[in-house]
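Worksheet: one structure, shown below.
The values are calculated or read from the model by the stated rules, or taken from the named source; none is laboratory data. Computed from a prediction, not measured in an experiment: that's the story for all the values here. Here Cβ is always computed from backbone atoms with ideal geometry, including for glycine, and neighbour counts include all displayed protein chains. Keep in mind that these areas ignore ligands, DNA and RNA; they rest on the heavy atoms of the full protein, side chains included. Shrake-Rupley method; radii C 1.70, N 1.55, O 1.52, S 1.80 Å.
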Amino acid sequence: MQGQAQQQAYDRGITIFSPDGRLYQVEYAREAVKRGTASIGIRTAGGVVLAVDKRIRSPLMERTSVEKIHKADDHIGIASAGHVADARQLIDFARRDAQVNRLRYGEPIGIETLTKDVTDHIQQYTQVGGARPFGVALIIGGIEDGEPRLYETDPSGTPYEWKALAVGADRGDIEDYLEAHYEEGADLEGGIELALRALAEVNDGQLRPESIGMATIPTETATFTEVEDDEIDSYLAEFDLLADEDEEPEE
(Lines give C-alpha, C1' and ligand atoms only; values in the text may rest on other atoms or scores of the structure.)
Protein backbone atom coordinates (compact mmCIF):
# COMPACT_ATOMS: atom_id res chain seq x y z
CA MET A 1 0.00 0.00 0.00
CA GLN A 2 2.87 2.32 0.86
CA GLY A 3 4.55 1.61 -2.49
CA GLN A 4 1.36 2.50 -4.32
CA ALA A 5 1.10 5.81 -2.45
CA GLN A 6 4.72 6.61 -3.36
CA GLN A 7 3.99 5.85 -7.01
CA GLN A 8 1.02 8.22 -6.94
CA ALA A 9 3.26 10.92 -5.45
CA TYR A 10 5.75 10.58 -8.32
CA ASP A 11 2.85 10.60 -10.75
CA ARG A 12 1.13 13.73 -9.44
CA GLY A 13 3.93 15.93 -8.19
CA ILE A 14 5.86 17.92 -10.77
CA THR A 15 8.65 18.56 -8.26
CA ILE A 16 9.23 14.88 -7.40
CA PHE A 17 11.55 12.65 -9.40
CA SER A 18 10.65 8.98 -9.70
CA PRO A 19 13.34 6.48 -8.59
CA ASP A 20 14.47 6.10 -12.22
CA GLY A 21 14.89 9.87 -12.63
CA ARG A 22 11.69 10.71 -14.51
CA LEU A 23 9.25 13.59 -14.13
CA TYR A 24 5.96 12.00 -15.09
CA GLN A 25 4.06 15.27 -15.50
CA VAL A 26 6.55 16.45 -18.12
CA GLU A 27 6.09 13.18 -19.98
CA TYR A 28 2.31 13.62 -19.83
CA ALA A 29 2.75 17.14 -21.25
CA ARG A 30 4.62 15.63 -24.20
CA GLU A 31 1.66 13.29 -24.74
CA ALA A 32 -0.61 16.35 -24.84
CA VAL A 33 1.58 17.75 -27.63
CA LYS A 34 1.15 14.53 -29.62
CA ARG A 35 -2.63 14.97 -29.48
CA GLY A 36 -2.40 18.31 -31.30
CA THR A 37 -2.50 18.56 -35.09
CA ALA A 38 0.87 18.68 -36.83
CA SER A 39 3.07 21.75 -37.30
CA ILE A 40 6.15 21.78 -39.52
CA GLY A 41 9.20 24.04 -39.74
CA ILE A 42 11.66 24.04 -42.66
CA ARG A 43 14.92 25.99 -42.78
CA THR A 44 16.17 26.77 -46.30
CA ALA A 45 18.83 29.00 -47.81
CA GLY A 46 16.02 31.35 -48.84
CA GLY A 47 14.41 31.58 -45.41
CA VAL A 48 12.13 29.75 -42.99
CA VAL A 49 8.79 28.08 -43.79
CA LEU A 50 6.17 27.30 -41.13
CA ALA A 51 3.17 25.12 -42.07
CA VAL A 52 0.38 23.78 -39.87
CA ASP A 53 -2.59 21.45 -40.11
CA LYS A 54 -5.63 23.57 -39.14
CA ARG A 55 -8.15 20.75 -39.09
CA ILE A 56 -11.62 22.18 -38.46
CA ARG A 57 -13.94 20.01 -36.35
CA SER A 58 -17.19 21.56 -37.60
CA PRO A 59 -18.33 23.55 -40.66
CA LEU A 60 -19.93 25.98 -38.20
CA MET A 61 -16.56 26.99 -36.76
CA GLU A 62 -14.86 30.14 -38.01
CA ARG A 63 -11.53 28.85 -39.31
CA THR A 64 -9.79 32.17 -38.54
CA SER A 65 -10.30 31.42 -34.84
CA VAL A 66 -7.98 28.39 -35.10
CA GLU A 67 -4.61 29.99 -34.35
CA LYS A 68 -1.53 27.83 -34.81
CA ILE A 69 0.87 30.30 -36.48
CA HIS A 70 1.79 33.56 -34.77
CA LYS A 71 3.98 36.56 -35.47
CA ALA A 72 6.31 37.15 -32.51
CA ASP A 73 8.28 40.01 -34.07
CA ASP A 74 8.81 41.38 -37.58
CA HIS A 75 11.47 38.72 -38.23
CA ILE A 76 10.13 35.82 -36.13
CA GLY A 77 7.24 33.39 -36.54
CA ILE A 78 6.05 30.69 -34.15
CA ALA A 79 3.98 27.57 -34.87
CA SER A 80 2.50 25.43 -32.10
CA ALA A 81 1.14 21.96 -31.39
CA GLY A 82 -0.69 20.94 -28.22
CA HIS A 83 -2.89 23.00 -25.92
CA VAL A 84 -3.75 26.23 -27.74
CA ALA A 85 -4.32 28.18 -24.51
CA ASP A 86 -0.86 27.22 -23.26
CA ALA A 87 0.61 28.25 -26.61
CA ARG A 88 -1.01 31.69 -26.37
CA GLN A 89 0.58 32.29 -22.97
CA LEU A 90 4.03 31.46 -24.34
CA ILE A 91 3.46 33.52 -27.50
CA ASP A 92 2.55 36.54 -25.35
CA PHE A 93 5.71 35.97 -23.30
CA ALA A 94 7.80 35.78 -26.49
CA ARG A 95 6.26 38.98 -27.89
CA ARG A 96 6.94 40.90 -24.67
CA ASP A 97 10.50 39.60 -24.60
CA ALA A 98 11.07 40.69 -28.21
CA GLN A 99 9.68 44.18 -27.54
CA VAL A 100 11.69 44.64 -24.35
CA ASN A 101 14.85 43.75 -26.29
CA ARG A 102 14.04 46.37 -28.95
CA LEU A 103 13.37 49.06 -26.34
CA ARG A 104 16.40 48.20 -24.21
CA TYR A 105 19.02 47.60 -26.91
CA GLY A 106 17.51 49.22 -30.01
CA GLU A 107 17.83 46.07 -32.11
CA PRO A 108 15.77 42.96 -32.94
CA ILE A 109 16.14 40.01 -30.59
CA GLY A 110 18.13 36.99 -31.76
CA ILE A 111 16.22 33.79 -32.52
CA GLU A 112 18.41 31.73 -30.20
CA THR A 113 18.12 34.32 -27.41
CA LEU A 114 14.33 34.41 -27.68
CA THR A 115 14.09 30.61 -27.74
CA LYS A 116 16.24 30.25 -24.63
CA ASP A 117 14.23 32.93 -22.81
CA VAL A 118 11.03 31.04 -23.63
CA THR A 119 12.47 27.67 -22.58
CA ASP A 120 13.80 29.18 -19.34
CA HIS A 121 10.24 30.31 -18.63
CA ILE A 122 8.89 26.83 -19.48
CA GLN A 123 11.48 25.15 -17.28
CA GLN A 124 10.39 27.10 -14.21
CA TYR A 125 7.05 25.28 -14.39
CA THR A 126 8.83 21.94 -13.94
CA GLN A 127 10.21 23.01 -10.54
CA VAL A 128 7.33 24.84 -8.86
CA GLY A 129 4.78 22.98 -6.74
CA GLY A 130 1.13 23.69 -7.44
CA ALA A 131 1.75 24.37 -11.16
CA ARG A 132 1.81 22.11 -14.19
CA PRO A 133 4.08 22.08 -17.26
CA PHE A 134 2.98 23.73 -20.49
CA GLY A 135 1.29 21.12 -22.66
CA VAL A 136 2.58 22.59 -25.91
CA ALA A 137 5.62 22.51 -28.16
CA LEU A 138 6.64 25.52 -30.24
CA ILE A 139 8.56 25.86 -33.49
CA ILE A 140 10.36 29.22 -33.46
CA GLY A 141 11.82 30.35 -36.77
CA GLY A 142 13.27 33.57 -38.10
CA ILE A 143 16.24 35.43 -39.51
CA GLU A 144 19.22 36.34 -37.33
CA ASP A 145 22.15 38.33 -38.80
CA GLY A 146 21.04 37.38 -42.30
CA GLU A 147 20.85 33.66 -41.52
CA PRO A 148 17.70 31.54 -41.12
CA ARG A 149 17.36 29.81 -37.74
CA LEU A 150 14.85 27.20 -36.59
CA TYR A 151 14.25 25.97 -33.03
CA GLU A 152 11.91 23.69 -31.07
CA THR A 153 10.83 24.15 -27.46
CA ASP A 154 10.05 21.03 -25.43
CA PRO A 155 7.68 20.88 -22.39
CA SER A 156 10.74 20.12 -20.26
CA GLY A 157 12.20 23.54 -21.13
CA THR A 158 14.89 22.21 -23.47
CA PRO A 159 15.62 24.07 -26.74
CA TYR A 160 16.72 22.22 -29.89
CA GLU A 161 17.91 23.68 -33.20
CA TRP A 162 16.78 21.96 -36.40
CA LYS A 163 17.09 22.10 -40.18
CA ALA A 164 13.55 20.71 -40.49
CA LEU A 165 11.16 19.30 -37.92
CA ALA A 166 7.58 18.47 -37.04
CA VAL A 167 5.70 18.59 -33.74
CA GLY A 168 2.29 17.23 -32.86
CA ALA A 169 0.40 14.29 -34.35
CA ASP A 170 2.23 11.97 -36.78
CA ARG A 171 5.58 13.54 -35.90
CA GLY A 172 7.50 10.33 -36.59
CA ASP A 173 6.01 9.78 -40.05
CA ILE A 174 6.46 13.42 -41.05
CA GLU A 175 10.08 13.55 -39.88
CA ASP A 176 10.83 10.31 -41.75
CA TYR A 177 9.60 12.07 -44.90
CA LEU A 178 11.61 15.22 -44.10
CA GLU A 179 14.79 13.20 -43.50
CA ALA A 180 14.36 11.46 -46.86
CA HIS A 181 13.62 14.58 -48.91
CA TYR A 182 15.27 17.55 -47.17
CA GLU A 183 17.90 19.37 -49.27
CA GLU A 184 20.30 21.79 -47.60
CA GLY A 185 20.49 24.24 -50.50
CA ALA A 186 16.78 24.43 -51.34
CA ASP A 187 15.19 27.82 -51.95
CA LEU A 188 12.11 29.15 -50.17
CA GLU A 189 9.66 27.67 -52.68
CA GLY A 190 11.43 24.33 -52.30
CA GLY A 191 10.81 24.58 -48.55
CA ILE A 192 7.13 25.34 -49.15
CA GLU A 193 6.80 22.31 -51.42
CA LEU A 194 8.56 20.05 -48.90
CA ALA A 195 6.33 21.26 -46.04
CA LEU A 196 3.13 20.69 -48.04
CA ARG A 197 4.23 17.28 -49.30
CA ALA A 198 5.16 16.24 -45.75
CA LEU A 199 1.69 17.24 -44.50
CA ALA A 200 0.08 15.44 -47.44
CA GLU A 201 2.06 12.31 -46.58
CA VAL A 202 -0.09 11.84 -43.45
CA ASN A 203 -3.32 13.09 -45.09
CA ASP A 204 -3.82 10.52 -47.86
CA GLY A 205 -1.71 12.53 -50.27
CA GLN A 206 -4.23 15.38 -50.61
CA LEU A 207 -4.82 18.67 -48.82
CA ARG A 208 -7.46 21.41 -48.71
CA PRO A 209 -6.28 25.04 -48.64
CA GLU A 210 -8.73 25.91 -45.86
CA SER A 211 -7.18 23.27 -43.59
CA ILE A 212 -3.62 24.55 -44.01
CA GLY A 213 -1.90 27.52 -42.41
CA MET A 214 1.45 28.77 -43.66
CA ALA A 215 3.91 31.60 -43.13
CA THR A 216 7.35 32.43 -44.48
CA ILE A 217 10.25 34.55 -43.27
CA PRO A 218 12.48 35.15 -46.32
CA THR A 219 16.20 35.68 -45.75
CA GLU A 220 16.23 38.67 -48.11
CA THR A 221 13.54 40.71 -46.35
CA ALA A 222 13.62 39.12 -42.86
CA THR A 223 9.89 39.86 -42.63
CA PHE A 224 7.21 37.49 -41.33
CA THR A 225 4.53 36.99 -44.01
CA GLU A 226 1.42 34.82 -43.83
CA VAL A 227 0.61 32.93 -47.02
CA GLU A 228 -2.96 33.63 -48.15
CA ASP A 229 -5.50 30.90 -48.94
CA ASP A 230 -5.46 31.55 -52.69
CA GLU A 231 -1.66 31.22 -52.73
CA ILE A 232 -1.88 27.94 -50.80
CA ASP A 233 -4.51 26.76 -53.28
CA SER A 234 -2.13 27.59 -56.15
CA TYR A 235 0.74 25.71 -54.50
CA LEU A 236 -1.43 22.64 -53.88
CA ALA A 237 -2.59 22.64 -57.50
CA GLU A 238 0.98 23.11 -58.76
CA PHE A 239 2.29 20.22 -56.65
CA ASP A 240 -0.75 18.03 -57.45
CA LEU A 241 -1.80 17.84 -53.80
CA LEU A 242 -5.21 19.53 -54.06
CA ALA A 243 -8.08 17.42 -52.69
CA ASP A 244 -11.13 16.91 -54.93
CA GLU A 245 -13.96 19.31 -54.17
CA ASP A 246 -16.54 16.52 -53.94
CA GLU A 247 -14.56 14.60 -51.33
CA GLU A 248 -15.77 14.93 -47.76
CA PRO A 249 -13.04 16.17 -45.38
CA GLU A 250 -12.03 13.77 -42.61
CA GLU A 251 -13.46 14.44 -39.17
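Measuring r between the beta carbons of Ser65 and Glu179 and using R0 = 30 Å, the FRET efficiency lands at 0.35. When the residues Asp154, Asp173 are ordered by accessible surface, computed with a 1.4 Å probe over the protein chains alone, the sequence from largest down reads Asp173, Asp154.
Please report, in debye to the nearest 20, how large the charge dipole of the stretch 94-237 is about its Cα centre when each Lys and Arg carries +1 at its beta carbon and each Asp and Glu carries -1 there. Could you put the intermediate results ahead of the total?
Working: 11 positive and 31 negative charges, 205 e Å.
Rounded to the nearest 20 debye, it is 980 debye.
The calculated FRET efficiency for Ala131 paired with Asp187, based on their beta-carbon distance and R0 = 41 Å, is about 0.40.
Just tell me which lysines come within less than 22 Å, Cα to Cα, of Lys163; anything on the same chain fewer than 8 places away is out. Within the straight-line limit of under 22 Å, Lys163 reaches these lysines: Lys34, Lys68, Lys71, Lys116.
Counting protein heavy atoms only, the chain has 45 percent of its accessible area on carbon and sulfur, 1.4 angstrom probe. The relative contact order of the chain comes to 26 percent, based on Cα pairs under 8 Å that sit 6 or more residues apart. Residues whose amide H comes within less than 5 Å of that of Ile212, counting only those at least five positions distant or on another chain, are Lys54 (H built at 1.01 Å from N in the peptide plane).
Remark: spin-label model distance Arg30-Glu112 equals 2.5 nm, labels positioned 7 Å along the Cα→Cβ axis.
Any idea what the relative contact order of the stretch 99-231 is, in percent, if you count C-alpha pairs under 8 Å spaced at least 6 apart?
Numbers: 152 pairs, mean separation 23.6, N = 133.
Relative contact order, the stretch 99-231: 18 percent.
State whether the stretch 1-127 is rounded, prolate or oblate according to the following rule on the C-alpha gyration tensor (a ≥ b ≥ c being the square roots of its eigenvalues): a/c under 1.5 gives rounded; otherwise a/b larger than b/c gives prolate, and the remaining case gives oblate. Present the calculation step by step, with values, prior to reporting the outcome.
Values: a/c = 2.46, a/b = 1.46, b/c = 1.69.
Cα axes put the stretch 1-127 in the oblate bin.
Note on Tyr160 and Asp204: their simple-model spin labels are 3.1 nm apart, each label 7 Å out from Cα toward Cβ.
From Cα pairs below 8 angstrom and at least 6 apart in sequence, can you work out the relative contact order of the stretch 81-146, rounded to a whole percent? Show your work: numbers first, answer last.
Numbers: 47 pairs, mean separation 28.6, N = 66.
So the answer I get is 43 percent.
Rounded, prolate or oblate: which fits the chain, taking a ≥ b ≥ c as square roots of the Cα gyration tensor eigenvalues, rounded meaning a/c under 1.5, else prolate when a/b beats b/c?
Since a/c reaches 1.5 but b/c is at least a/b, the shape of the chain is classed as oblate.
Charges on Cβ only, +1 for Lys and Arg, -1 for Asp and Glu, centred on the Cα centroid of the stretch 1-134; of Tyr125, Leu90, Gly106, which one is farthest towards the dipole's positive end? Farthest towards the positive pole: Leu90.
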